[in-house]
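Presented below is the structure to which this report refers.
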Amino acid sequence: MRPTDALHREALAGHKARLERFLKDELPATSWTPVRLGYGLYYQLDHTSHMQRIKIPCGLITADQMEVLADVAARWGRGVAHVTTRQDLQIHWVPVGEIIEMYEALLAVNITTRGACADSVRNVTGCPYGGVSPHEPFDVTPYGLAIHDYFLFNPLNLTLPRKFKIAVEGCPDDCAQVPVNDIGFYAKERDGRRGFSVWAGGGLGSQALLAQLVAEFVPADDALVWCEAIVRVQHRHAERKNRKRARMKYVLKRMGLERFRAAIEEQVVAVEAERGDALRQEVQEALAAYTVPAAAKPVAGVAARPTFSAWARTNVRDQRQPEYKSAWVRVPLGDLTTEDMWLLAGLARTLGNGTMRATNDQNILLPWVAEASLPALHAALEDAGLGESGAGHVTDVISCPGMDYCSLAITRSMGVAESVRSHLLADPETGNGFAADLGPFTIKISGCPNSCGQHHIGNIGLTGHVVADERGEQRPYYSIRVGGSVGEGQGAVGGLVGRFPEEQAPAVITALARFYHREREAGESFPAFVTRVGKDRLSDAASEGAAGALVA
């Protein structure tokens, strides 16, 4: 059953009652913790203030929703919202006594935080190019939304042993990063029928394991049948005593692929017998309810600025719809101000189709921009400080919040991300158009081994540690990996090339980028380059970069 407004209101009323008991010291903190986490409210680093995670299924945000999100950030988040690596938004310094009012404001525009944390099905991620990619078999967005809605109030969600992540992907770039999800779907078309290949058992954290293929093709209408079946396998077979071993990836590892597949197939049969027709009906209703708003009329007559061509080269992508483009808005370190959010809402209305997408690389995508309107869009973004080129390229560094906010972090990953970005831009070789020449390239940074920055799958990935130096003083270090990737059948965890003091990390990354730039073959991706030249040569390049940093 798809969630109704009445269900949300009833759940929120119960949440309000528990909050009031907590604020009156009638509900102990140990009992309140799972309640607040169930609605995505985390303790921050100081364990007194709070961070609120807001679910954005498939990253899809309407202009109306973005304006409410801007108001929420202004009122309860000190004017800043952070785009995460799973298409959520997060705000910080939230006063716990006012969360119900915040949830009600979000719910008024069909946004919920239910299941944004805790042992539940988390935000369902989806390809941000859904519906516009020239290479997709079909738009995966309504399927992702159907999965999100289905699990919001699913009884299994109340008793899962650990968090559970689902992704749906339609384009070859694998923007949704299927290999690192508990369940992942790749869109297929066979004999004129829509369907998905189904992958399961992936996850990052301190031990990264990649999802494995469990079904080559299932009809698209059966998406909920397979999701329900796989979640049941996790519910039944996952570790319950040790949370560190409770993710589905450990079920797969313990069972082996063949037994794992067999357990899923057994549950598919059971779900089909119990409610297959009803679940297919839910998918069909979601498809029928999903509409794509009309695009605004082109805005011509705005002269292209000198920086336009560089921006268009890296930040604009073709759509399957002639004469329309999708524009990538770079959001440095993933932080949007309230003013940024209001601007994006307005631009989506006047130059797009009133929608936008949060992306896994912490940016915002504006689809349905008429080609003639691109100079006007670029000018407006540039005036607001959001017109930087290089989206998805080497200077567009991705990072978790780190010790600036997170209670689990070991290092200040956001600071390192800014240092890496600044170092690349300032370097004589890597500045001045280097990012565009190098092509799409991901640098991902995590402030601890939990991999919220997804360092394992970055072309270059950094993990924060604390190491005692020769005098016994604790210093931040970063382990650096190379060659991580996603893609159907192409997912890879990066290989370690060394561990370096925090202050040397920017020079090391710059040296690796230079090495790739000089010695790559035509059209060779960085993961392919890593495979060809080998980790030893890359380790040497990294060490040379570190030595150069010491001399400087």
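May I ask you to say which residue of 39, 43 is at pLDDT below 95 and outside the structural domain of residue 337 (by TED's automatic domain parsing)?
Selected residue: 43, the only one of 39, 43 that is at pLDDT below 95 and outside the structural domain of residue 337 (by TED's automatic domain parsing).
Output the residues belonging to the stretch 251-301 that are in contact (Cβ under 8 Å) with a residue 40 or more places away in the chain, farther than 20 Å from residue 146 by Cβ, in a helix (DSSP H, G or I) and among the small types (Gly, Ala, Ser).
270
Have a look at 374, 336, 343 and point out the one that is crowded, with 19+ Cβ neighbours inside 10 Å, in a strand (DSSP E or B) and out of contact with any Leu (no Cβ under 7 Å at 6 or more places or on another chain).
Result: 336 is the single residue among 374, 336, 343 that is crowded, with 19+ Cβ neighbours inside 10 Å, in a strand (DSSP E or B) and out of contact with any Leu (no Cβ under 7 Å at 6 or more places or on another chain).
Can you name every residue in the stretch 78-106 that is assigned to a strand (DSSP E or B) and among the β-branched types (Val, Ile, Thr)?
Passing the criteria: 80, 83, 91, 94.
Being aliphatic (A, V, I, L, M) and within 23 Å of the chain's Cα centre (by Cα): is that true of residue 348 here?
Yes: the conditions hold for residue 348.
Considering 488, 470, which residue is acidic (Asp, Glu), at pLDDT 90 or above, part of a loop (DSSP other than H, G, I, E, B) and over 19 Å from residue 510 (Cβ atoms)?
488
Restricting to the stretch 1-38, name every residue that is of a type in the set (Ser, Thr, Tyr) and within 27 Å of residue 410 (Cβ to Cβ).
Across the stretch 1-38, the qualifying residues are 30, 33.
Which residue, of 190, 194, is surrounded by fewer than 23 Cβ atoms within 10 Å (Cβ to Cβ) and touching a helix residue (DSSP H, G or I) at 6+ places or on another chain (Cβ under 6 Å)?
Testing whether each residue is surrounded by fewer than 23 Cβ atoms within 10 Å (Cβ to Cβ) and touching a helix residue (DSSP H, G or I) at 6+ places or on another chain (Cβ under 6 Å) leaves just 194.
Just one of 35, 109 is in a loop (DSSP other than H, G, I, E, B) and in contact with a Leu (Cβ under 9 Å, 6 or more places away or on another chain); which is it?
Criteria check complete, one pass: 109.
Cβ-Cβ below 7 Å, separation at least six or inter-chain, first residue in the stretch 483-506 and hydroxyl-bearing (Ser, Thr, Tyr), second surrounded by fewer than 22 Cβ atoms within 10 Å (Cβ to Cβ) and assigned to a helix (DSSP H, G or I): which pairs?
Matching pairs, first to second residue: 485/527.
For the stretch 122-135, state whether one or more residues are of a type in the set (Phe, Trp, Tyr), farther than 15 Å from residue 57 by Cβ and touching a Cys at 6+ places or on another chain (Cβ under 8 Å).
There is at least one residue in the stretch 122-135 that is of a type in the set (Phe, Trp, Tyr), farther than 15 Å from residue 57 by Cβ and touching a Cys at 6+ places or on another chain (Cβ under 8 Å).
Quick grid of which residues meet (1) among the hydrophobic types (A, V, I, L, M, F, W, C); (2) within 28 Å of residue 461 (Cβ to Cβ); (3) touching a strand residue (DSSP E or B) at 6+ places or on another chain (Cβ under 6 Å); (4) modelled with pLDDT under 95:
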| site | (1), (2), (3), (4) |
| --- | --- |
| 351 | yes, no, yes, no |
| 356 | yes, yes, yes, no |
| 359 | no, yes, yes, no |
| 362 | no, yes, yes, no |
| 375 | no, no, no, no |
| 383 | no, no, no, no |
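Of all residues in the stretch 308-330 being within 17 Å of residue 396 (Cα to Cα) and not aliphatic (A, V, I, L, M), which is surrounded by the fewest Cβ atoms within 10 Å (Cβ to Cβ)?
Among them, the one singled out is 313.
So which residues in the stretch 444-493 are over 22 Å from residue 186 (Cα atoms), under 17 Å from the mean Cα position of the chain (by Cα) and of a type in the set (Ser, Thr, Tyr), if there are any at all?
Scanning the stretch 444-493 gives 446, 451.
Quick test for you: out of 421, 481, 471, pick the one residue that is among the basic types (Lys, Arg) and surrounded by fewer than 21 Cβ atoms within 10 Å (Cβ to Cβ).
Going through 421, 481, 471 in turn, just one is among the basic types (Lys, Arg) and surrounded by fewer than 21 Cβ atoms within 10 Å (Cβ to Cβ): 471.
If only one of 36, 78 is out of contact with any helix residue (DSSP H, G or I) (no Cβ under 6 Å at 6 or more places or on another chain), of a type outside the set (Val, Ile, Thr) and surrounded by fewer than 17 Cβ atoms within 10 Å (Cβ to Cβ), which one is it?
After applying the criteria, what remains is 78.
Among the numbered criteria (1) crowded, with 24+ Cβ neighbours inside 10 Å; (2) in contact with a Gly (Cβ under 8 Å, 6 or more places away or on another chain); (3) of a type in the set (Gly, Ala, Ser), which single criterion is violated by residue 409?
For residue 409, the exception is condition (1).
Considering the stretch 112-132 alone, what residues qualify as being among the polar types (S, T, N, Q) and either modelled with pLDDT under 95 or assigned to a loop (DSSP other than H, G, I, E, B) (or both)?
112, 113, 120, 123
How do the pairs read when you match residues in the stretch 199-221 that are in contact (Cβ under 8 Å) with a residue 40 or more places away in the chain and in a loop (DSSP other than H, G, I, E, B) with residues anywhere that are surrounded by fewer than 22 Cβ atoms within 10 Å (Cβ to Cβ) and polar (S, T, N, Q), using Cβ under 9 Å and keeping only pairs 6 or more apart or on different chains?
Close Cβ pairs satisfying both conditions: 201/212; 202/212; 204/450; 205/450; 206/450.
Which ones in the stretch 93-113 are touching a Ser or Thr at 6+ places or on another chain (Cβ under 8 Å) and either charged (D, E, K, R) or surrounded by fewer than 21 Cβ atoms within 10 Å (Cβ to Cβ) (or both)?
93, 106, 109
Based on this model, can you work out whether residue 291 counts as surrounded by fewer than 19 Cβ atoms within 10 Å (Cβ to Cβ) and over 19 Å from the mean Cα position of the chain (by Cα)?
Spelling it out, residue 291 is indeed surrounded by fewer than 19 Cβ atoms within 10 Å (Cβ to Cβ) and over 19 Å from the mean Cα position of the chain (by Cα).
Conditions tested, residue by residue: (1) buried (at least 19 other Cβ atoms within 10 Å of the Cβ); (2) β-branched (Val, Ile, Thr); (3) in the same structural domain as residue 258 (by TED's automatic domain parsing).
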residue: 206; (1), (2), (3): no, no, yes
residue: 210; (1), (2), (3): yes, no, yes
residue: 219; (1), (2), (3): no, no, yes
residue: 222; (1), (2), (3): yes, no, yes
residue: 225; (1), (2), (3): yes, yes, yes
residue: 228; (1), (2), (3): yes, no, yes
residue: 232; (1), (2), (3): no, no, yes
residue: 235; (1), (2), (3): no, no, yes
residue: 239; (1), (2), (3): no, no, yes
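Could you figure out which of (1) assigned by TED's automatic domain parsing to the domain that holds residue 231; (2) of a type outside the set (A, V, I, L, M, F, W, C); (3) under 19 Å from the mean Cα position of the chain (by Cα); (4) surrounded by fewer than 24 Cβ atoms within 10 Å (Cβ to Cβ) isn't true of residue 137?
Here residue 137 meets the rest and fails (3).
The values are calculated or read from the model by the stated rules, or taken from the named source; none is laboratory data. Since we're looking at a predicted model, the values are computed, not measured. Glycine gets a Cβ as well: all are built from the backbone with ideal geometry, and neighbour counts include every protein chain shown.
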